[in-house]
Every structure is written in C-alpha cells, then in structure tokens.
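The values are calculated or read from the model by the stated rules, or taken from the named source; none is laboratory data. Because the structure is predicted, anything quoted here is derived from the model rather than measured. Reconstructed Cβ throughout: ideal geometry from the backbone, glycine too, with neighbour counts over all protein chains shown.
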Amino acid sequence: MTKAMTGAQMVVQALKDQGVEVVFGYPGGAVLPIYDEIFQQNDIRHVLVRHEQGAIHMAEGYARSTGKVGVALVTSGPGATNAVTGLVDALMDSIPIVVLSGQVPTFMIGTDGFQEADTVGITRPCTKHNWLVKDTAKLSEVIHQAFHVARSGRPGPVLIDIPKDVQFATSEYTPMPKAKVDHYQPRVKGDIEAITRMVEMLETAERPLFYTGGGVINSGNAASQLLREFVEATGFPITSTLMGLGAYPASGANWIGMLGMHGLYEANLAMHGCDLMLNIGARFDDRITGRIADFSPKSKKVHVDIDPSSINKVIRVDLSIVGDVAHVLEDALRIWKARGRKVNKDGLAKWWKQIKEWRAVDCLAFTNSDKVIKPQYALQRLEALTKGMDRYITTEVGQHQMWAAQFLGFEAPNRWMTSGGLGTMGYGLPASIGVQIAHPEALVINVAGEASWLMNMQEMGTAMQFRAPVKQFILNNERLGMVRQWQELLHGERYSSSWSESLPDFVKLAEAFGCKGIKCQDPKDLDDAIMEMIRYDGPVIFDCLVEKHENCFPMIPSGKPHNEMLLGNAETQGVIKAAGAVLV
Amino acid sequence: MSALNIKKGSTSHSAYDLRDSHEQLVVSHTLAVIVENEPGVLARVIGLFSARGYNIDSLTVAEVDHTGHRSRITIVTSGTPHVIDQVEKQLSRLVSVYAVHDLTAEGPCVQRELALFKVAGKGEHRIEALRLAEIFRAHVVDSTLESFIFEMTGTPEKIDSFADLMRPLGLRELARTGVAALSRGM
Ligand SMILES: Cc1ncc(C[n+]2csc(CCOP(=O)(O)OP(=O)(O)O)c2C)c(N)n1
Ligand SMILES: [Mg+2]
C-alpha cells in the first residue's frame, strides 16, 4: 500500500523519485507548504534565485548541459508571470523543464484573490502542456506525467499549478511506475522504407550536405555519436544551426561551420548549392532559410524530425522521416552499410573542391587593431586560452552571441547554451549558473553583451550565495550592438536608443556583489586578463571594452537568399530594400 | 567568388517556392478531434487556431464517452492545403488530443447541423413560411399568433438556403449549433 502524505510532501517525493537533485526557485505565500518540506530534507538542493525569470533560465541551463529535466519552483501571481519569458524561451528551443507554481487555494480561484493570476491560462500557449491540480489525490500522478511529457518526443517546458489547499491536504501517493503516461508516446522509430529511400538518395548525390540542428543534441549523446560516424563514413560536409553546435565537433574534418543569417559563407553557399539536403533535427527556421522562394533551389530535401508538425511547415521537403534522430540515424547507418557503403566519389570530390574555394574567401576575416580590442579578437583569444578545458559556454543575445558562435569551437554536445528561438536577452547569466550548478568543477563562461547582461544581473547574488564560479565575459561595446547594426543597415544610420548609457562600473559592481571584477581595454593585456579570469576561484565579471562600431558579418540581410550574403562593410550600402526591412 | 552558377536572386519559378499555384486555393475541411475532456482543453484547441492564424468556420464540442472522459470536437476550417495539413499536425501535437481525423480527406462524410429559426409575420407571409418549412422538413416547435420557431436539421448549406428564404418572410432570430460529422460506412 502506498502511504498517505500531504500535497507538499508529494511534490518533494515525486521530485526525488524523478531523480531531481536541484530545484531553482523563489518562495512566496502560495508555495510555503512546499518550501517547508524542502527545508526538512537533504536530497534535493534548492537554489534561491533573485528573480523567477532567472530560475527558469537556470533550469534551462541545467537541462541543456546535462540532458536531464530542469526544475523550477515559483509562487503564484507575480512569481508565475515572471516565469513566462523563460517558459517561452524553453518552448522555442525545445528544452525539457518542469515548473511548479503555487496558486491561491481552490476555493478562492476566480475571486481576484491576493496574488491570484490565471497561470494556466497565461502559460497555456507558453508550455508544451500545463495542469491545474485541484485534487491532492491527482497531484503525484500529474507530476510524473509532467516529467514524461517534458522529456518525451520533442522536449519542452511544462507547468503544474498547485493551489495552496492542495498542498496541505493529504492523499495517497502514486509512485512513478503507476502513473499513466501511455497516451502520450511520440513515435521514435522512423519508417524503414523512408529511411531506405534516404539512403538511396545519399548514395548517388553529387553535392550532399548534412544540415543538423538542436534535435541532434536533444536526442542525446548516441545521436551525436551516430551522426559523427555517419559523416565520417560518407565523407559528406556538415553544417549546423546555432542550436546544434557541438553535435559534430568543430575540429572535425567535414565541418564547414554554422549556417544562417550570420553563418559562414561556405556553409550558406553549400546550402544554396547542394543537390541533397539532409536535415537532421533542424526546423528550417527563418534565420536559416532567408528568402523562402530562393532557398536551396536545386536540392532534394530530406527532413528527419520527431515533431510531425515541423515537416513541410516552412519548406516543402521531398522525403520526410518522423522519428528520433538517434533511432533514425542508427537505422540509416545500418542500411547504408548493408547496401555496400556507396557514395558518389567523383561528385563528392568536386563538391569539396568547390566548398574549399568558398572557404578560401575566409569570411570571418576582420581587421584587427592594436589599439582597441576587436570583439572577434577577444573571442579568438578566449577560444585559444580555454580550448581543451572542461568548458561550457552560455551567451546573451546580440552581436556577441553571433561572434561567439562563429569564433568558439564546440567539440561535444551540451556545451553550448544560447537562446536561439526566442532570442532572450538576459538568458546567459542565469543559464551559466544553472550549468555551473550541474558541473561544479567545469569552466563556465557567459559570453555577454553589456546590455543583455544587465537584464538579469541580479543573479550574481545567486552565483555568490551558491558558490557558482561563473565567468561573465562581457563584450562591452556600450551599444545595443545588434540593434545598432540593423539601424546602420536599414534605418539610415539613425541610432534611435541603441546606446547603453549610464552603464555601471562593472568592476565596482563586481566588488559590490563580493566577486571579482576585471576590466580590460588594451589588446596587449587581454591574454593575461583572460587567464586571471580563468584562474580566479569564484565568479568574475569581466568588462572587456571592445570596438563600438564593429558589425557582425557575414550577414544574409532579411528577405535575401543565401547567395546574396554580405561579407563586409563595403557591401552594405542600401542593400536591404523595403520588403526586407519589415522582416525581423 | 560568385556562388556556383546560380542566378543572383533567382526567381519565383524556383522549385522551392513553397506554394504550388493550385495551393492558393482555399479549401474547407471538416476535422474530428478526439480529446481528453479536461478543463481548458477547448481553450487549447481554440488558442492554437488564433495563435497560428487558422480559421474556425464552425466548432462543436461535447463529451461523447462519459466513462473515458473523451470529447469530440468537430471543426470546420478553411485554408490552403498546406494550412490544412498544418492544422491537423498542430492539433495532433497537443498532449490532450488523442486523435485527429480529417473527415474531408478520409472520404465521404455525413454533416449535420441543427438550427432554430424565429420567424414573425402575419397573413400571406405566415402561410408562405409554413409552406416552405414543410418543403424543407423543418418542424414547428413553438408558435404564437404572430410567430413560429422552426427547427431544422441538415447540412449547413440547407440551413443557409432556408434562412435566405425566411429572411423576407420575417426571420427575427437564428440559432445554429455548428456542424457535427461522421465518416460514411465503417
Ligand atoms: C528581452 C529582449 N529585448 C530586446 C531584444 C532585442 N535585441 C536583440 S539584440 C539587442 C542588443 C543587445 O545588446 P548587447 O547585449 O549589448 O549585445 P551586442 O549586440 O552589443 O553584442 C536587442 C535590444 C531582445 N533580443 N531581447
Ligand atoms: Mg553591447
């Protein structure tokens, strides 16, 4: 017989049964019973954040760097509304997190009670699924179902809203194996006939290309391993979205770099010119496709995705395979081997020759300076000095994010955490703390812009309290750099509100938080300063003053196809027409 | 360093212009969505339509399995074939949705809607209304000396035509349930 417990005890028990080690949260009236239970046990660690948005991003950072489900706990009303941005962020990037929110007692719901908000109503379009649990007898089962939904199929955030009286009332606990989850079982095995057709297509393709995305990372380590094996064995070039970096190593022989709006010249031209596109766990996001009508006009397209709704949503494909990346790749590899490991060798040789010509353009080249630190240089040095370390990178959103993606190399999955789909400024600092909590010994660096960083800087308090030695590497251009770049290219150089005025003194700010501040503005001092940051045993705020007007290239302007990419400033005059200007 | 030999900014004749010319056609489809009857499930379905800009032309919902707590939502939606395909897939993705049947795509189906018409009038108009009601097999479910309420079950088109005929004869109010539909045969 299962034993009776209160709803609050069930929450803690269910989290333990789910293997949860840490919860990121913030207390309030509607979750006090749960906090009381957390206080009386030692298995689950609670990390007190400074703002609920921070809790969600920490849970995301934890989830992305471990492959496990991240957990956050917030109170009703403002606690829940503060969580909304993080929920949408996790939804857009398919990150598995479970958020528990308190709610006013059931008998007060609908009375505009103190700190009442329609949390399930507000978060319905922000979650993969959500529940309002009005009966303690159902609570433990719902929690187990929530974990199942968060991690199954295309992962995503879920929320459970728990009224306070439900936390106090007692009922019987439903253990994990007894929770009904069979009605939500997304298909993981791909259709063998379709996989065989994909293999046939890749055997003859002259200009094949792997285009991989976050789905490979979400599928787990096996997916990355299989992808690597497949790429090496076929000799095909591989590019990836921002979300998929690390699934195939940046040092791998077939890596041609990230694609997309700020992707590499060779990667985008390969997308444009390929005759077979193998989309593995990516979703033809608009940052990738550019103008739809001119997207990769000569290719046959194969799309492997666990979410059927991703297929033919934006780009019509010639062959679709619904399934989990690891399962599909395993079958594909087996079938391809059994059929004699055929590839079109002549075609491939020519294709690589072409790609190498494009690569020779050296699209990431920039004019360095010995007077001012170029942001690209700062990242080159960061890469050189931390390569080979047990390193995790998070970012904020803006130019620095794109430069980080271009200049840092990722050798393994789950090492790169960035807000891709939603583009949430303020993501990187809390995410870095979540990563550090999961990997206490690792070097965790948030590559930040000064403007983004300020959005959740209060979380430095969390980093200090929980001894998370996160390194905040701020590329400070005193500008909302990405906004400034668009204003330069699209709005006649009218820089409307894109300055970061009245910035704090970051070194003093670091001192105020009790951590270390480092300021660097001379390229000559940069290496030593970075080493000082790495060696310091504690959180560091690194104020790296960089060139203020640097633009991020390559860039595919909005509304343009891949082959009309801009490589540098000289090409930028009047390139974006009105039709492109309405796009974001 | 020109890219391949591809025409710069190639044309809308590109093989990958998403829309085939015929896809511009807007078609109407009737979907049967079997859902778990949990609080908020209708909001999920409707929210999906508004969030993604899909059309709802008609919607009916009721629990059809009281022990299994399953409701059947019948939705008539219209859009290009591409949009209809997305509607079906996006609905299937909802955790509370057990199954989505595109009745229009799956073969012939029976569609019925119930409507109530309040028609007020005297003399010739009143007689004409009654006569037409008989032809359309509409029943009188309420009557006063100056008005009738007709009840009619039929396809939405039939209800439309009857409403058109009643308008000049004194149609005051019209209440419709929306479409319920089942596929024909087994
Ligand atoms: C919450 C939020 N608000 C606004 C934006 C729009 N936005 C995108 S990049 C950017 C500027 C970011 O500035 P900074 O963090 O300094 O990075 P930089 O581009 O200068 O490297 C802004 C305002 C956003 N992405 N997120
Ligand atoms: Mg900046």
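Can you name the residue in the range A:315-332 that is hydrophobic (A, V, I, L, M, F, W, C) and within 13 Å of chain B (Cβ to nearest Cβ) and is also farthest from A:Ala205 (Cα to Cα) among such residues? Working first, answer last.
Step one: of the range A:315-332, the residues hydrophobic (A, V, I, L, M, F, W, C) are A:315, A:317, A:319, A:321-322, A:325-326, A:328-329, A:332.
Add one more test, that the residue is within 13 Å of chain B (Cβ to nearest Cβ), and what stays is A:315, A:317, A:322.
On the way: A:Ile315: 20, A:Val317: 16, A:Val322: 22 Å.
Top of the filtered list is A:Val322.
Quick one: would you say A:Ala59 is more than 29 Å from the chain's Cα centre (by Cα) and in a helix (DSSP H, G or I)?
Numbers: more than 29 Å from the chain's Cα centre (by Cα): no; in a helix (DSSP H, G or I): yes.
Against the criterion (more than 29 Å from the chain's Cα centre (by Cα) and in a helix (DSSP H, G or I)), A:Ala59 does not qualify.
Within the group A:Pro186, A:Pro157, which residue is touching a Ser or Thr at 6+ places or on another chain (Cβ under 8 Å) and either more than 13 Å from chain B (Cβ to nearest Cβ) or closer than 18 Å to A:Val71 by Cβ (or both)?
On the way: A:Pro186 fails: either more than 13 Å from chain B (Cβ to nearest Cβ) or closer than 18 Å to A:Val71 by Cβ (or both).
Of the residues listed, the single one that is touching a Ser or Thr at 6+ places or on another chain (Cβ under 8 Å) and either more than 13 Å from chain B (Cβ to nearest Cβ) or closer than 18 Å to A:Val71 by Cβ (or both) is A:Pro157.
Return the residues of the range A:480-505 that are over 21 Å from A:Glu396 (Cα atoms) and crowded, with 17+ Cβ neighbours inside 10 Å; say none if nothing qualifies.
Of the residues in the range A:480-505, the ones over 21 Å from A:Glu396 (Cα atoms) are A:488-496.
Hits for the range A:480-505 are A:Glu488, A:Leu489, A:Leu490.
Residue by residue, here is whether (1) more than 25 Å from B:Tyr54 (Cβ to Cβ); (2) more than 14 Å from chain A (Cβ to nearest Cβ); (3) not hydroxyl-bearing (Ser, Thr, Tyr) holds:
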residue	(1), (2), (3)
B:Glu128	yes, yes, yes
B:Ser147	yes, yes, no
B:Gly154	yes, yes, yes
B:Asp164	yes, yes, yes
B:Arg176	no, yes, yes
B:Val179	no, yes, yes
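Confirm whether A:Arg381 is at pLDDT 95 or above, more than 14 Å from ligand 2 (Cβ to nearest atom) and in contact with a strand residue (DSSP E or B) (Cβ under 7 Å, 6 or more places away or on another chain). Don't jump to the end; show me each part of the working.
Details: at pLDDT 95 or above: yes; more than 14 Å from ligand 2 (Cβ to nearest atom): yes; in contact with a strand residue (DSSP E or B) (Cβ under 7 Å, 6 or more places away or on another chain): no.
So A:Arg381 does not fit the description; no.
Give me the pairs, please: first residue somewhere in the range B:66-78 and over 19 Å from B:Ser183 (Cβ atoms), second residue anywhere and assigned to a loop (DSSP other than H, G, I, E, B), beta-carbon distance under 7 Å, and either six or more positions apart or on two chains.
That search, which allows pairs on different chains as well, returns B:His69/B:Asn37; B:Ser78/B:Val26; B:Ser78/B:Asn55; B:Ser78/B:Asp57.
Could you please let me know if A:Glu478 is within 13 Å of ligand 1 (Cβ to nearest atom), modelled with pLDDT under 95 and not aromatic (Phe, Trp, Tyr)? Break it down stepwise before answering.
Values: within 13 Å of ligand 1 (Cβ to nearest atom): yes; modelled with pLDDT under 95: no; not aromatic (Phe, Trp, Tyr): yes.
Judged against the criteria, A:Glu478 is not a match.
Filter the range B:79-88 down to the residues that are assigned to a helix (DSSP H, G or I) and surrounded by fewer than 18 Cβ atoms within 10 Å (Cβ to Cβ) and list them by number. Before you say what the answer is, go through the steps one by one.
Pass one, the range B:79-88, residues assigned to a helix (DSSP H, G or I): B:81-88.
Of everything in the range B:79-88, those that are assigned to a helix (DSSP H, G or I) and surrounded by fewer than 18 Cβ atoms within 10 Å (Cβ to Cβ) turn out to be B:Pro81, B:His82.
Limited to the range A:440-471, what total is found for residues that are away from ligand 1 (no atom under 12 Å from the Cβ) and among the polar types (S, T, N, Q)?
Here is the first cut: in the range A:440-471, the residues away from ligand 1 (no atom under 12 Å from the Cβ) are A:440-445, A:458-471.
Subsequent filtering for residues that are among the polar types (S, T, N, Q) retains A:458, A:462, A:465.
Final tally of qualifying residues: 3.
Could you list, in sequence order, all residues of the range A:384-428 that are within 16 Å of ligand 2 (Cβ to nearest atom) and either on the phi > 0 side of the Ramachandran plot or at pLDDT below 95 (or both)?
A:Gly398, A:Gly423, A:Gly426
Pull up the range A:253-270, narrow it to residues that are touching a helix residue (DSSP H, G or I) at 6+ places or on another chain (Cβ under 8 Å) and outside any loop (DSSP other than H, G, I, E, B), then point me to the one that is farthest from the other protein chains (Cβ to nearest Cβ).
Per the criteria, the residue is A:Met258.
Just a yes or no: is a residue in the range A:527-546 surrounded by 14 or more Cβ atoms within 10 Å (Cβ to Cβ) and modelled with pLDDT under 95? Give the derivation first.
Looking only at the range A:527-546, we keep the residues that are surrounded by 14 or more Cβ atoms within 10 Å (Cβ to Cβ), and these are A:527, A:529-530, A:532-534, A:536, A:538-546.
In the following step, the residues that additionally are modelled with pLDDT under 95 were identified as none.
No, the range A:527-546 contains no residue that is surrounded by 14 or more Cβ atoms within 10 Å (Cβ to Cβ) and modelled with pLDDT under 95.
Tally up the residues in the range A:468-479 that are within 16 Å of ligand 2 (Cβ to nearest atom) and buried (at least 22 other Cβ atoms within 10 Å of the Cβ), please.
Just the residues of the range A:468-479 that are within 16 Å of ligand 2 (Cβ to nearest atom), to begin with: A:472-479.
Those still in the list that are buried (at least 22 other Cβ atoms within 10 Å of the Cβ) too: A:472-477, A:479.
Going through the range A:468-479 one residue at a time, the tally reaches 7.
May I ask you to list the residues in the range A:181-230 that are in a loop (DSSP other than H, G, I, E, B) and either basic (Lys, Arg) or farther than 23 Å from A:Pro155 by Cβ (or both)? Break it down into steps so the answer makes sense when it comes.
Within the range A:181-230, the first condition is being in a loop (DSSP other than H, G, I, E, B), and the residues that meet it are A:181-191, A:205-207, A:213, A:220.
Residues satisfying the conditions are A:Arg187, A:Lys189, A:Ala205, A:Glu206, A:Arg207.
Any residue that is over 21 Å from the mean Cα position of the chain (by Cα), surrounded by fewer than 15 Cβ atoms within 10 Å (Cβ to Cβ), modelled with pLDDT of 95 or more and over 30 Å from B:Arg93 (Cα atoms) - is there at least one of those in the range A:230-237? Talk me through it step by step, then tell me what you get.
Narrowing the range A:230-237 to residues over 21 Å from the mean Cα position of the chain (by Cα): A:230-237.
After this cut, where a residue has to be surrounded by fewer than 15 Cβ atoms within 10 Å (Cβ to Cβ) as well, the list is A:232-233.
Subset that is modelled with pLDDT of 95 or more: A:232-233.
Cutting the leftovers down to over 30 Å from B:Arg93 (Cα atoms) gives us A:232-233.
For the range A:230-237, residues over 21 Å from the mean Cα position of the chain (by Cα), surrounded by fewer than 15 Cβ atoms within 10 Å (Cβ to Cβ), modelled with pLDDT of 95 or more and over 30 Å from B:Arg93 (Cα atoms): present.
In the range A:108-130, what residues are within 12 Å of chain B (Cβ to nearest Cβ), more than 25 Å from the chain's Cα centre (by Cα) and of a type outside the set (Gly, Ala, Ser)?
Of the residues in the range A:108-130, the ones within 12 Å of chain B (Cβ to nearest Cβ) are A:109, A:118-130.
Subsequent filtering for residues that are more than 25 Å from the chain's Cα centre (by Cα) retains A:109, A:118, A:121.
Those that are within 12 Å of chain B (Cβ to nearest Cβ), more than 25 Å from the chain's Cα centre (by Cα) and of a type outside the set (Gly, Ala, Ser): A:Ile109, A:Asp118.
Hey, can you tell me all the residues within the range A:486-511 that are at pLDDT below 95, under 16 Å from A:Val546 (Cα atoms) and either more than 14 Å from ligand 1 (Cβ to nearest atom) or out of contact with any Lys or Arg (no Cβ under 8 Å at 6 or more places or on another chain) (or both)?
A:Glu501
Which condition number in (1) touching an Asp or Glu at 6+ places or on another chain (Cβ under 7 Å); (2) in a helix (DSSP H, G or I); (3) away from ligand 2 (no atom under 16 Å from the Cβ) is the one that A:Met464 fails?
Just one mismatch for A:Met464, condition (1).
Here is a check on your reading of the model: is A:Lys356 within 14 Å of chain B (Cβ to nearest Cβ), surrounded by fewer than 18 Cβ atoms within 10 Å (Cβ to Cβ) and away from ligand 1 (no atom under 16 Å from the Cβ)? Steps first, answer last, please.
On the way: within 14 Å of chain B (Cβ to nearest Cβ): yes; surrounded by fewer than 18 Cβ atoms within 10 Å (Cβ to Cβ): yes; away from ligand 1 (no atom under 16 Å from the Cβ): yes.
Answer is yes for this residue.
Restricting to the range A:131-143, count the residues that are part of a loop (DSSP other than H, G, I, E, B) and either within 11 Å of another protein chain (Cβ to nearest Cβ) or in contact with a Leu (Cβ under 9 Å, 6 or more places away or on another chain) (or both).
Looking only at the range A:131-143, we keep the residues that are part of a loop (DSSP other than H, G, I, E, B), and these are A:133-135.
Within this subset, residues satisfying the condition of being either within 11 Å of another protein chain (Cβ to nearest Cβ) or in contact with a Leu (Cβ under 9 Å, 6 or more places away or on another chain) (or both) are A:133-134.
Adding up the residues that qualify gives 2.
Given the conditions (1) touching a Lys or Arg at 6+ places or on another chain (Cβ under 6 Å); (2) within 14 Å of chain B (Cβ to nearest Cβ), which single one is not true for A:Pro105?
(2)
Hey, can you tell me all the residues within the range A:65-81 that are in a strand (DSSP E or B) and more than 15 Å from A:Ala30 (Cβ to Cβ)?
Residues of the range A:65-81 that are in a strand (DSSP E or B), as a first pass: A:70-74.
Residues satisfying the conditions are A:Gly70, A:Val71.
Check every one of the helices (runs of 4 or more DSSP H) wholly within the range A:356-448 and list those with 1 or more residues that are within 13 Å of the chain's Cα centre (by Cα) and in contact (Cβ under 8 Å) with a residue 12 or more places away in the chain. Walk me through it before giving the result.
Values: elements: A:375-386, A:399-407, A:428-438.
In the range A:356-448, the matching helices (runs of 4 or more DSSP H) lie at A:399-407, A:428-438.
Residue-wise test of (1) facing chain B (nearest Cβ under 10 Å); (2) touching a residue at least 40 places away in the same chain (Cβ under 8 Å).
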residue: A:His272; (1), (2): yes, yes
residue: A:Ile280; (1), (2): no, yes
residue: A:Asp285; (1), (2): no, yes
residue: A:Pro297; (1), (2): yes, no
residue: A:Ile306; (1), (2): no, yes
residue: A:Lys313; (1), (2): yes, no
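Taking the residues in the range A:162-177 that are hydrophobic (A, V, I, L, M, F, W, C) and outside any helix (DSSP H, G or I) as candidates, determine which candidate is surrounded by the most Cβ atoms within 10 Å (Cβ to Cβ). Walk me through how you get there before you give the answer.
Step one: list which residues in the range A:162-177 are hydrophobic (A, V, I, L, M, F, W, C), which gives A:162, A:166, A:168-169, A:176.
From the residues that got through so far, the ones that are outside any helix (DSSP H, G or I) too are A:162, A:169.
Numbers: A:Ile162: 30, A:Ala169: 18.
So the residue we want is A:Ile162.
Taking the conditions exactly as written (assigned to a strand (DSSP E or B) and either of a type in the set (A, V, I, L, M) or free of Cβ contacts under 8 Å to residues at least 24 places away in the same chain (or both)), does A:Ile474 satisfy them or not? First the steps, then the outcome.
On the way: assigned to a strand (DSSP E or B): yes; either of a type in the set (A, V, I, L, M) or free of Cβ contacts under 8 Å to residues at least 24 places away in the same chain (or both): yes.
So A:Ile474 passes the test.
Give the range A:493-517 a look and list any residue that's in contact (Cβ under 8 Å) with a residue 24 or more places away in the chain and among the aromatic types (Phe, Trp, Tyr), or say none.
A:Phe506, A:Phe513 - these are the residues of the range A:493-517 that are in contact (Cβ under 8 Å) with a residue 24 or more places away in the chain and among the aromatic types (Phe, Trp, Tyr).
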